[in-house]
Amino acid sequence: MTSKLFEPIRLRGLTLPNRIVVAPMCQYSAVEGSASDWHLMHLTQFALGGVGLVVIEASGVSAVGRITPACLGLYSDDNEKALGHALAAARRFGAAPIGIQLAHAGRKASTYPPGSNKGMGALSREDGAWQTVSASALPYSNWHTPLALDEGGLAQVRDEFVTAAKRAVRLGLDEIELHMAHGYLMQQFLSPLSNHRTDAYGGTLKGRMKFPLEVFAAVRAAIPDAMPLGARINATDWAEGGWTIEEAVIFARALKDAGCDFVCVSSSGSTPAQKIEVGPLYQVPFAKRIRQEAGIMTRAVGMIITPQQAEEIIADGAADMVALARGLLDDPRWAWHAAKTLGADAAYPIQYRRAKFDVWPGQMRPF
């Protein structure tokens, strides 16, 4: 049997060796937005583990666009230099292409990082809280009340995404995805729960899609044509009156028309009132529906645990790629073990080839 999971896939000028993607995962280990030695270790361990693509965590396009003060950014020369240092190691020792997720947290910015002795939620003024922005002046839960972006603010955010994308190009990153999910700024425009605007950027679905599509188009125009550009989108807000799968299909079609190469289909994060039906592969049906109805490549994400599950997703046509997060945190060599399970092959650095399953009988990891 030939594994579908380990078949190459082409995204514009980039060919991934297989369909396994390291999902962007916030590490809360940056200093003033700049990558640290933690990021060097974090990215390198995945880049040498046989995956098809590593995506760097949500990186703020501005300081006020970060979720927390410890979040990664790509808005300054120092940020760019520090990330370049981490990338140099990942490229030297790893074989996987590396992309980045560019993001703006909007009203969900200026919060404490996980593990803080202050708990979760909005930063205090004493701890450096900053003014947040959003589609409308509606806070998330009891967090900071954001300023509704005016015409000048919209233009500034759009330009910040473009500038960050140009930095990504200079760093030699292989692909970019824009974070338009999880209740962050782009999703704040898309969801009727957070967008109560009465101008051209609110109201109807067309109006709510307008700013995210403008940002996408501006980034697409600013990067090389051969560079893949995608988006992570919500399939649903899991809340009454919120964003729906039907709207997500329409949005995915509009993104495709704007030159989007894929959508990573996730969900939730727009409201604390969400009621999520969580379980293994719970978001895969959304990816399948968007793939079929919007005619765009999709990446499935969310509680994909075993190689057999990942293989079935690709073989069934539910998605073109799978993204793993916690599964790879638990086992950065997941792709090696998946290759053994599925009778395929994955890249090993020469220093580790004596541990490859076809030369060392001790690799007995069960799935």
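The values are calculated or read from the model by the stated rules, or taken from the named source; none is laboratory data. Please read all numbers here as calculations on a predicted model, not as lab measurements. Cβ placement follows ideal geometry from the backbone for every residue including glycine, while neighbour counts extend to all protein chains displayed.
Miscellaneous remarks
- Among residues of segment 34-56, those that are surrounded by fewer than 24 Cβ atoms within 10 Å (Cβ to Cβ) and either polar (S, T, N, Q) or under 17 Å from the mean Cα position of the chain (by Cα) (or both), counted: 6
- Of the residues making up segment 327-367, those that are loosely packed, with under 13 Cβ neighbours inside 10 Å and either on the phi > 0 side of the Ramachandran plot or modelled with pLDDT of 95 or more (or both) are Asp330, Gly343.
- Candidate set from segment 241-276 (those that are in contact with a Lys or Arg (Cβ under 7 Å, 6 or more places away or on another chain) and part of a loop (DSSP other than H, G, I, E, B)); member that is surrounded by the fewest Cβ atoms within 10 Å (Cβ to Cβ): Gly259
- Test: Gly241 is under 18 Å from Leu185 (Cβ atoms) and touching a residue at least 40 places away in the same chain (Cβ under 8 Å): no
- Matching option when the condition is touching a Cys at 6+ places or on another chain (Cβ under 8 Å) and closer than 25 Å to Leu83 by Cα, among Leu229, Leu171: Leu229
- Boolean, Ser136 is of a type outside the set (Val, Ile, Thr), over 16 Å from Val64 (Cα atoms) and at pLDDT below 95: no
- Here Pro24 meets the list (1) closer than 24 Å to Gln309 by Cα; (2) touching a Gly at 6+ places or on another chain (Cβ under 7 Å) almost entirely, failing just condition (2).
- Scanning segment 1-32 for residues that are surrounded by fewer than 24 Cβ atoms within 10 Å (Cβ to Cβ), touching a Phe, Trp or Tyr at 6+ places or on another chain (Cβ under 9 Å) and more than 17 Å from Trp334 (Cβ to Cβ) yields a total of 3.
- Test result for Asp237, among the charged types (D, E, K, R) and under 25 Å from Lys4 (Cβ atoms): no
- Unique residue being modelled with pLDDT of 95 or more, within 30 Å of His337 (Cβ to Cβ) and touching a Cys at 6+ places or on another chain (Cβ under 8 Å) when the list is Ala58, Ala47: Ala58
- Scanning segment 144-176 for residues that are touching a Leu at 6+ places or on another chain (Cβ under 9 Å) and not in a helix (DSSP H, G or I) returns His144, Thr145, Pro146, Ala148, Leu149, Leu171, Gly172, Leu173, Asp174, Glu175, Ile176.
- If you go through segment 149-170 and pick out every residue that is touching a strand residue (DSSP E or B) at 6+ places or on another chain (Cβ under 8 Å) and crowded, with 18+ Cβ neighbours inside 10 Å, you end up with 6.
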